[in-house]
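So the structure is just underneath, and the comments pick up after that.
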Amino acid sequence: MRSALGVMLASAVSVFVIVAVWFWTYSLRAVLAAPDTVSARLAERLPPAASAKPTRTPADEVEVTATIAARPSTVASSNVKPSAALPSPALAAAPLQPKAACANADALGVSRVVEIDTTGGPGFGFEHFKQLDFLADKEVVLTFDDGPWPSNTAAVLKALADECTKAVFFPIGKHATYHPEILRQVAAAGHTVGAHTWSHANLNSKKMTEQQAKDEVEKGFSAVKLALGAAPSPFFRFPQLQHGPAAMAYLGSRNIATFSCDLDSFDFRAKDAAQIVNTVMTKLDKQGKGIILMHDFQKHTAEALPTLLGRLKAGGYKVVQMRAKAPLQTLAEYDEGLVKDMKLPTVSARALSNVVQTVSQ
């Protein structure tokens, strides 16, 4: 009997010891396995960024640099983008400057500005190019060829300034070297400046070689750059609107946009300013919109412009300004060659005032 009780007592003690050892070992493992973290109460007092780190998904690995704006319904091509849209920071050009206040409360102004991506050399103007129809009804683009020229260009700039509106200018390279100060006034007024060849040569002439056509294009742009002290826009208009296929292909390879027109003022044929106004308004009222071709080289055009702008305003027309997404990168060989050609030898280094003096008037 005593032996039986002793065995039972020994069994009970053994069970108790085993349970105690197991319990102590399990608790120690739990403590050792716990990570070295902030306690739950402390974590509750920390801000979300410190208390928890969100799990990254594969999409989170892509860095978002900008939101792509939706294409406006008024734009008909990827080559034309409203300048007000926010570009990607990696591609952004210079920021838009604040719009200057207009002294004329009833001015024609500029209804919108469009930015042109000239990649591949897009063409504008329905007289030759039908693809890019970006103008809405009653919208016009004002363009001027053959300048800069004394008096006439200045008068054109004044008429545009009086109506707080903008245009695209296509200067001849030679003229730019004759009157660089006038062309700088054009750019300073906020107008877009392209080029119109070096010497106004017909690039579609049978006597014109491909190399000569290239020289006319590149030397013209380099001359404009030299006059402005800055790169021009990659906008080009052929003299006499004569588009040769080889020259067109070359412009495309240089990412230069080609401009024709929707309506020609034929101001170089006009007998007076009134005829220019009537020609433009008659065509415009029939077509309803378009790129207008004029010449700031022509005296009658300068005389006609104030009246023409007034007629546009009265007729409910709105001016659209075109400008390039990026300036043209001119070719160094033409830049350097032009500078070299202009440095003619002289027999005297005396100042003009020491050589020529007015003695009577």
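The values are calculated or read from the model by the stated rules, or taken from the named source; none is laboratory data. The structure displayed is predicted, hence computed values, not measured ones. Neighbour counts are summed over all protein chains in view; Cβ atoms, including those assigned to glycine, are modelled from backbone coordinates with ideal geometry. Accessible surface is based on the protein model in full, side chains and every heavy atom, while ligands, DNA and RNA are left aside. Shrake-Rupley method; radii C 1.70, N 1.55, O 1.52, S 1.80 Å.
Would you confirm whether any residue within region 140-163 is in contact with a Leu (Cβ under 9 Å, 6 or more places away or on another chain), closer than 22 Å to Pro234 by Cα, modelled with pLDDT of 95 or more and open to solvent by 30 Å² or more (accessible area, probe 1.4 Å)?
Checked region 140-163: no residue is in contact with a Leu (Cβ under 9 Å, 6 or more places away or on another chain), closer than 22 Å to Pro234 by Cα, modelled with pLDDT of 95 or more and open to solvent by 30 Å² or more (accessible area, probe 1.4 Å).
Give the residues of region 120-164 that are more than 22 Å from Pro245 (Cβ to Cβ) and small (Gly, Ala, Ser), sorted by residue number.
Those that are more than 22 Å from Pro245 (Cβ to Cβ) and small (Gly, Ala, Ser): Ala136, Gly147, Ser151, Ala154, Ala155, Ala159, Ala161.
Pull up region 327-357, narrow it to residues that are at pLDDT 75 or above, among the aliphatic types (A, V, I, L, M) and assigned to a loop (DSSP other than H, G, I, E, B), then point me to the one that is most open to solvent (accessible area, probe 1.4 Å).
Val356
Would you please list the contacts, defined by Cβ atoms under 6 Å and residues six or more apart or on different chains, that run from a residue in region 266-279 that is within 12 Å of Ala302 (Cα to Cα) and open to solvent by less than 80 Å² (accessible area, probe 1.4 Å) to a residue that is hydrophobic (A, V, I, L, M, F, W, C) and part of a loop (DSSP other than H, G, I, E, B)?
Matching pairs, first to second residue: Ile276/Ala270.
Any residue in region 233-254 that is open to solvent by 10 Å² or more (accessible area, probe 1.4 Å) and under 30 Å from Ala101 (Cβ atoms)?
yes
Out of region 186-216, which residues are of a type in the set (Gly, Ala, Ser), part of a helix (DSSP H, G or I) and within 18 Å of the chain's Cα centre (by Cα)?
Step one: list which residues in region 186-216 are of a type in the set (Gly, Ala, Ser), which gives 187-190, 194-195, 199, 201, 205, 213.
Retained after the next criterion (residues that are part of a helix (DSSP H, G or I)): 187-188, 213.
Listed by number, the residues that qualify are Ala187, Ala188.
Within the set of pairs 6 or more residues apart or between chains, which connect a residue that is open to solvent by 40 Å² or more (accessible area, probe 1.4 Å) inside region 102-122 to a residue that is of a type in the set (Asp, Glu) and modelled with pLDDT of 95 or more with Cβ atoms less than 9 Å apart?
The qualifying pairs are Cys102/Glu163; Ala103/Asp162; Asn104/Asp162; Asn104/Glu163; Ser111/Glu139; Arg112/Glu139.
Please determine whether any residue of region 96-119 is within 30 Å of Gly244 (Cα to Cα), at pLDDT 50 or above, part of a loop (DSSP other than H, G, I, E, B) and in contact with a strand residue (DSSP E or B) (Cβ under 6 Å, 6 or more places away or on another chain).
Checked against the condition, which is being within 30 Å of Gly244 (Cα to Cα), at pLDDT 50 or above, part of a loop (DSSP other than H, G, I, E, B) and in contact with a strand residue (DSSP E or B) (Cβ under 6 Å, 6 or more places away or on another chain), region 96-119 yields at least one hit.
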